[in-house]
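For reference, the structure discussed in these notes is given below.
The values are calculated or read from the model by the stated rules, or taken from the named source; none is laboratory data. Computed from a predicted structure; not experimentally measured. Neighbour counts run over all protein chains shown; Cβ positions are idealised from the backbone, glycine included. Surface areas here come from the heavy atoms of the whole protein model, side chains and all, with no ligands, DNA or RNA. Shrake-Rupley method; radii C 1.70, N 1.55, O 1.52, S 1.80 Å.
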Amino acid sequence: MVELWHSYGLPTAITVAEILAIIVPLLLAVAYLTYAERKVLAAAQLRKGPNVVGPFGLFQPLADGLKLLMKETVIPAGANRVVFIAAPIITFVLSLVAWAVIPFDAGMVLANINVGILYLFAISSLGVYGIIMAGWSSNSRYAFLGGLRSAAQMVSYEVSIGFVIVSVLLCVGSLNLSDIVEAQKTVWYCLPLFPMFIVFFISGLAETNRSPFDLPEGESELVAGFFVEYSSMTFALFYLGEYANMILMSAMTSILFLGGWLPPFGVAPFTWIPGPIWFFAKIAFVLFCFLWVRATMPRYRYDQLMRLGWKVFLPLSLAWLAATAAFLVFTGRLPA
């Protein structure tokens with residue numbers, strides 16, 4: 001029976017269990033990331049934040065989810081119903097399938113493919129379609145403008161993200177995410193590639209539509225942007241997708257620049273802690289930086305956003321890529 005199952009390319013019970021072992025904690029992390037964000041923003045603004053539902057407000061994410069689940073799904077009369085419903089589903093599903101190639105420890109990965117970084121880049125590039133579909137299908141000018149903004153923004157910053165990733169790949173000589181982590185045993189790439197680390201982090205903010213680059217949902221001029229017409233669970237799926245993408249971008253930052261599951265400096269006091277703990281701690285640190293930026297930075301104007309992407313990050317990442325390639329060639333350190 002197992003052989004027949006495999007012959008049709010169907011997942012075994014073990015594979016399903018592995019998928020659930022990733023998705024269930026991820027959904028819990030998304031729920032409590034919303035709680036953490038509200039607590040961080042509250043601390044930055046000298047207030048308490050959620051503190052009523054459960055001890056210390058810990059049940060607030062569950063209450064929010066239950067509220068959204070019980071609300072009515074309203075579809076505008078002039079909307080394209082199929083595309084309108086499909087848009088948040090696509091956004092949410094894409095935020096989950098990318099985790100198939102993320103290594104949590106040596107050998108602890110669902111699909112250890114040799115082109116894992118290309119897979120991640122392809123999935124992140126597809127994310128813009130859900131937002132464009134939502135903006136167009138809503139039959140609202142505010143949603144449509146939000147979708148157009150998001151498309152331009154994500155395409156603009158994917159270019160610089162691509163050059164940053166290529167700079168890392170030149171140093172490693174492999175597209176496998178586990179190989180990228182193993183190559184940082186001596187030194188994390190956030191030190192020799194520090195400018196690219198900063199460019200990648202800021203581009204990640206823009207790629208996930210996070211403050212100060214949350215122009216697609218600019219409530220001051222577009223009401224709520226591309227999901228202004230959404231309610232109930234369709235709105236919740238967009239919300240879940242955005243926060244899952246934040247966690248994914250933090251995981252990519254940890255793998256590319258912070259050594260993934262490797263302890264800092266590889267010295268004895270740190271090596272006794274399991275690799276996944278280090279990986280999750282680094283993700284939590286990058287996520288805190290995401291929230292910290294939202295608490296402290298004002299929103300960019302749209303022309304400033306595009307100028308930063310095309311006139312600052314693109315030339316800088318391209319120049320650094322050329323300099324990295326030249327250095328590796330002249331020092332004879334270019335991987336085979």
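Beyond 24 Å between alpha-carbons counts as too far, so tell me which of 282/311; 39/282; 185/282 fall in that bin.
282/311
Nothing charged except the Cβ atoms of Lys and Arg (+1) and of Asp and Glu (-1): what's the magnitude of the dipole of the chain about its Cα centre? Round to the nearest 20 debye.
The dipole of the chain has a size of about 760 debye.
For the chain, how big is the tail of P(r) above 36 Å, as a whole percent of Cα pairs?
That tail contains 23 percent of the Cα-Cα pairs.
Taking only C-alpha pairs under 8 Å that are 6+ residues apart, what is the relative contact order of the chain in percent?
22
Mind checking which helices in the chain clear 18 Å along their axis (Cα) and have mean Kyte-Doolittle hydropathy of -0.5 or more, DSSP H runs only? Walk me through the numbers before you get to the answer.
Numbers: long enough: 13-44 (45 Å, 1.65); 81-97 (24 Å, 2.32); 116-137 (33 Å, 1.56); 141-172 (46 Å, 1.31); 194-207 (19 Å, 1.83); 232-257 (38 Å, 1.22); 275-296 (32 Å, 1.55); 314-330 (24 Å, 1.99).
Helices passing the filter in the chain: 13-44, 81-97, 116-137, 141-172, 194-207, 232-257, 275-296, 314-330.
Using a 1.4 Å probe, what is the accessible area per residue for region 1-142, in Å²?
Per-residue value: 59 Å².
Report, in deg cm²/dmol and to the nearest 500, the calculated mean residue ellipticity at 222 nm for the chain, where each DSSP H run with n ≥ 4 adds -39500 (n - 2.57) and the sum is divided by the residue count.
That comes out to -21500 deg cm²/dmol.
Of all accessible surface on the chain at a 1.4 Å probe, what whole percent is carbon and sulfur?
Heavy-atom surface of the chain belonging to carbon and sulfur, 1.4 Å probe: 72 percent.
Whole-Hz ³J(HN,Hα) for each residue in region 52-58, computed from phi via Karplus 6.51 cos²θ - 1.76 cosθ + 1.60 with θ = phi - 60°, x for glycine and proline: what do you get?
Values per residue, Gly and Pro as x: 10, 7, x, x, 6, x, 5 Hz.
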